[in-house]
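The values are calculated or read from the model by the stated rules, or taken from the named source; none is laboratory data. Quick caveat, the model's predicted, so the values are computed rather than measured. Glycine gets a Cβ as well: all are built from the backbone with ideal geometry, and neighbour counts include every protein chain shown.
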Amino acid sequence: MPLPALIFDMDGVLVDNTGAHARSFQLLFRDLGLTTNALRLLKRFNGMPAAEILTHVFRHPVPLKQREAYVAQREFLYRVLFWNKRREVAGLTAFLKAARAAGHPIGLGTGSGETAIHYIVDHLGLRPYFDVIVGEADVKHGKPHPDTWLVTAKKLGVAPADCIVFEDGLLGEQAAYRAGMRCVAVATTLKAADFQAPLTVIKDFTELTPAQLPALLAAQPQVPRPQKERS
């Protein structure tokens with residue numbers, strides 16, 4: 001079996017920013033007079049584009065132009081809140097360097113747009129570690145659909161079965177299984193028990209090395225079947 005391709009989500013995996021995202025949503029909701037609990041909302045829908053998350057908040061349809069204005073407001077709040085907190089999850093660069101040295105193909109797949117990718121990936125100097133980067137504009141359907149992972153695998157030139165996804169959200173994990181891939185869960189926001197069937201659960205990248213991945217794959221020879229109720 002070839003070395004597996006490693007495909008990383010961005011938010012919650014490269015950086016621990018779910019708290020800042022939740023705070024920015026909560027400030028938006030306060031401004032709109034809504035009482036939705038943003039952190040609870042993100043624990044369920046983390047990984048979806050913000051515009052789609054907002055469709056689960058309003059009880060009535062909101063025109064696209066208005067929703068886009070809310071998304072822009074929320075994005076501005078998030079960037080202000082997270083500006084001085086942009087740090088990689090512990091051990092990430094060492095893990096990426098080791099994976100690169102071992103010969104793993106490496107991709108980034110995210111529901112974020114290019115501006116948000118630049119805000120995190122380029123600020124932290126991580127772009128050179130990724131062979132391909134797939135963002136919101138590259139796919140028709142975001143998570144929990146498998147498109148993000150499948151497009152990344154295609155651009156890497158590898159079969160889905162030869163990919164491992166690193167994901168912090170339930171929708172991303174389900175998208176991985178729908179794509180025919182296995183998953184390592186990064187528990188920056190959720191508890192280990194919240195995930196369905198990852199290869200392993202790590203709090204950060206000091207708890208795993210690329211050399212450990214073949215044994216994890218051998219212990220889970222079949223890709224788990226996605227659970228509809230989780231997505």
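Structure notes:
- Residue in the stretch 11-33 that is assigned to a loop (DSSP other than H, G, I, E, B), within 14 Å of THR110 (Cα to Cα), under 18 Å from the mean Cα position of the chain (by Cα) and among the β-branched types (Val, Ile, Thr) present: yes
- Residues that are modelled with pLDDT under 90 and assigned to a helix (DSSP H, G or I), drawn from the stretch 47-73: ALA50, ALA51, GLU52, THR55, LEU64
- None of HIS104, HIS141 is modelled with pLDDT of 95 or more and not in a helix (DSSP H, G or I) except HIS104.
- Filter result for PHE166 (among the aromatic types (Phe, Trp, Tyr) and under 13 Å from the mean Cα position of the chain (by Cα)): yes
- PHE82 vs. criteria surrounded by 13 or more Cβ atoms within 10 Å (Cβ to Cβ) and in a helix (DSSP H, G or I): yes
- Meets criteria (in contact with a Gly (Cβ under 8 Å, 6 or more places away or on another chain) and of a type in the set (A, V, I, L, M, F, W, C)) for VAL134: yes
- Residue within the stretch 199-219 that is crowded, with 16+ Cβ neighbours inside 10 Å and in contact with a Cys (Cβ under 9 Å, 6 or more places away or on another chain) present: yes
- Of everything in the stretch 175-220 that is among the polar types (S, T, N, Q) and assigned to a loop (DSSP other than H, G, I, E, B), the residue that is modelled with the lowest pLDDT is THR189.
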